[in-house]
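*Asks:* Here you go, one structure.
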Amino acid sequence: MEANIFNGLHDSPTITELAVLAIYGQAISRPYMRAVRTAQAKGENGLELGTLQRRVLTHIDALICDPNLLLGENPKAADVTLDGHEWMEARIFATIKRESEHLPHLREVLIEFLNGARTTWERFISEFAEGGQVESLTPHEMILAFMPPTNDANEGMLGSWRVWHRRFQIGRASCRERV
């Protein structure tokens, strides 16, 4: 098993895939989840996040049209993160830039990944399309159809334990501190 991990960490296609996932996480996934979790914390209706959902598609389109926004010399977070905030892990880009000479297909893989992600997002947010089902709801129907921004309540036993632990263990010593 260790040999497989070692080989994977020295395999250009594997490193390329990991780099693309890291870039996507910084530019789209993490800012998206920050926005959704903020809405959740405020008790907002997930059905009212249509603007955010559609903005993901527009953002991915911009990155597909100009992947140099992400792969250029010094990518600026304000220009390429979904929410315009700073990178959550800025060093990722320095590392990818340093390794890019060993990743000859990084640009092409990134573009393909973004195209695939866009297709998935279109399917995922179809009900939020302009003129779609959600947009046609009245304010009263929106309240009646309230949907939390996340599906945290449906995470199963592990998720339930995590929520319980967070709720009831605040201010108490962690297991590590007790030992």
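The values are calculated or read from the model by the stated rules, or taken from the named source; none is laboratory data. All of these numbers come straight from a predicted model, not from anything done at the bench. All Cβ positions, even for glycine, are placed from backbone atoms using ideal geometry, and neighbour counts span all protein chains on display. When the accessible area is computed, the model is the full protein with side chains, heavy atoms only, and any ligands, DNA or RNA have been set aside. Shrake-Rupley method; radii C 1.70, N 1.55, O 1.52, S 1.80 Å.
*Asks:* Can you give the accessible area per residue of the chain, in Å², using a 1.4 Å probe?
*Replies:* Numbers: 11970 Å² over 179 residues.
In whole numbers, the chain has 67 Å² accessible per residue.
*Asks:* While we're here: Could you give the size of the charge dipole of region 1-57 about its Cα centre, using +1 on the Cβ of each K and R and -1 on the Cβ of each D and E, expressed in debye and rounded to the nearest 20? Walk me through the numbers before you get to the answer.
*Replies:* Details: 6 positive and 5 negative charges, 89 e Å.
Here the size comes out at about 420 debye.
*Asks:* Would you mind working out the magnitude of the charge dipole of the chain relative to its Cα centre, with +1 at each Lys and Arg C-beta and -1 at each Asp and Glu C-beta, to the nearest 20 Debye?
*Replies:* I would put it at about 900 debye.
*Asks:* At Asn151 and Ala41, where each label point lies 7 Å from the Cα along Cα→Cβ, what is the point-to-point distance in nanometres?
*Replies:* Using points 7 Å along Cα→Cβ, the separation is 2.4 nm.
*Asks:* OK, next. Once the dipole of region 26-119 is set up with Lys and Arg at +1 and Asp and Glu at -1 on Cβ about the Cα centre, which of Asn74, Gly43, Leu103 lies farthest towards its positive end?
*Replies:* Gly43
*Asks:* Name the residues of region 12-42 whose amide N is less than 19 Å from a point 7 angstrom out from the Cα of Phe168 along the C-beta direction?
*Replies:* The answer is none.
*Asks:* Related question: Please name whichever of Ala94, Val20, Ser126 sits farthest to the positive end of the charge dipole of the chain, dipole taken about the Cα centre and charges placed at Cβ: Lys and Arg +1, Asp and Glu -1.
*Replies:* Ala94
*Asks:* Let me ask something else. Give me the percent of the accessible area of the chain that comes from carbon and sulfur atoms, probe 1.4 Å, all protein chains in place.
*Replies:* Working: 6920 of 11970 Å².
Of all accessible area on the chain, carbon and sulfur atoms account for 58 percent.
*Asks:* Using a Förster distance of 41 angstrom, determine the FRET efficiency expected from the C-beta separation of Phe6 and His140, and round it to 0.05. Intermediate results must be reported in sequence, preceding the final value.
*Replies:* Details: r = 60 Å, r/R0 = 1.46.
After rounding, the FRET efficiency stands at 0.10.
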